[in-house]
Amino acid sequence: MDSMYYRHMHHEIYLRLLYIKMNSSTRDVEQELDRISNLPEPIRCLIISRLPIEELVRTSVLSKSWHDTWKNVPHLYFDLTRMTKACREPFYQVKRNRRSHCARNFLPCSEQHINQLHDAARLVNTILNAHSASVTSCRINQFPIGFQEPVESVEYLTRIKGVQELYLTGRPLIRFGPQKLKPLPFPSWGKTLQVLELSKYTIKDASIFKGCDNLHTLRLKIVKLGKESMGEILTYCKALKEISLLNCTGIENLTISNKNLKILELHNISFSLINICAENLAVLVLDNIQCPASCLVIKAPAVVKLDAFHLNRKDCFEMEELLSRCCGILVREILNL
């Protein structure tokens, strides 16, 4: 709710600035424009930091003092389907036909649309090269899987810009013609990365997580992993404090032994084995999880919040058994009696 409020507020301020610029005929309005233009640059950056990149760059026309403000914004938001008209057309055509399985999972593109997406992806690199400050967080929506340009952007963000928070939403493509686009390997994420969110990807090689010593939050949504990938990720990222897995496939056995972990969320996943040993785990969310009761082990004495939804009692476990395994909650309840 707060992020929506601030996004709306920033957009309203941006429209107000544009209105003042276009209607600055009276002296009073010019003074008002000057007052806003004389704000410290960090405040101006904060005002426009939630705008999509195409609107962010447009603020450079407001006045001379705003010309380079966008280049110092620490938060960048790219949506490739909005950056050109040719990119928007096939995407919104898919949204209008959600009943189709392909429409839900793929973005059909003609050769012209493929070229337009390449242009938009290259534009991301151009904008990043023109951006002069460090980037704290970056979100790239509709990241076309199989394109080299977005992968280069990620490498630039992690190695040059020192990005701390990275949010990537992929979009597989159906290409008309004999040649098909294949997923490209990501570069190593880097030591500066603290928050990583991936949506609609395939992770077969977890070696990209090597060196992620400072990664404390990992969110995977609709991600296909290799059999051993999740275990390898947990081995490489020992500083993880929050893990969220939603509609992920390929994970048969989930074994987590991490004294730093404080939040664990599992949604809509079937497991053969769950073994959680996290002495400082405070929040545990199990939503529509399938796992044999005999193969479920939870050792989390510090849990203070447990949310369990849509559990299949026949194949999983009773709520009382779950509470007893999260002995931190049970012991505190007994002491409070």
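Taken together, the values in this text are just the output of simple stated rules run on the coordinates, not laboratory data. If you're wondering where the values come from, they're calculated on a predicted model, not measured in any experiment. Don't worry about glycine lacking a Cβ; one is built from the backbone with ideal geometry, like all the others, and counts go over all protein chains shown.
Site pair Leu273 and Gln112 shows an inter-label distance of 5.5 nm when each label is modelled 7 Å from Cα along Cα→Cβ.
Straightening the chain between Asp287 and Glu41 buys 84.1 nm, computed as 0.36 nm per residue apart minus the Cα-Cα spacing.
Shape of the stretch 181-271 from its Cα gyration tensor (a ≥ b ≥ c, root eigenvalues): rounded if a/c is under 1.5, otherwise prolate when a/b > b/c, or oblate? It is oblate, given that a/c is not under 1.5 and a/b is not larger than b/c.
Subtracting the Cα-Cα distance of Lys204 and Glu155 from their residue separation scaled by 0.36 nm leaves 15.8 nm. Each listed q (0.20, 0.27 Å⁻¹) maps to a log10 I(q)/I(0) for the stretch 229-312 from the Debye sum over equal C-alpha point scatterers, namely -0.91, -1.67.
Ala130 to Ile222: FRET efficiency via 1/(1 + (r/R0)^6), r the Cβ-Cβ distance, R0 45 Å, to the nearest 0.05?
For Ala130 and Ile222, the calculated efficiency is 0.85.
Multiplying the residue separation of Arg58 and Asn214 by 0.36 nm and subtracting their alpha-carbon distance yields 52.7 nm.
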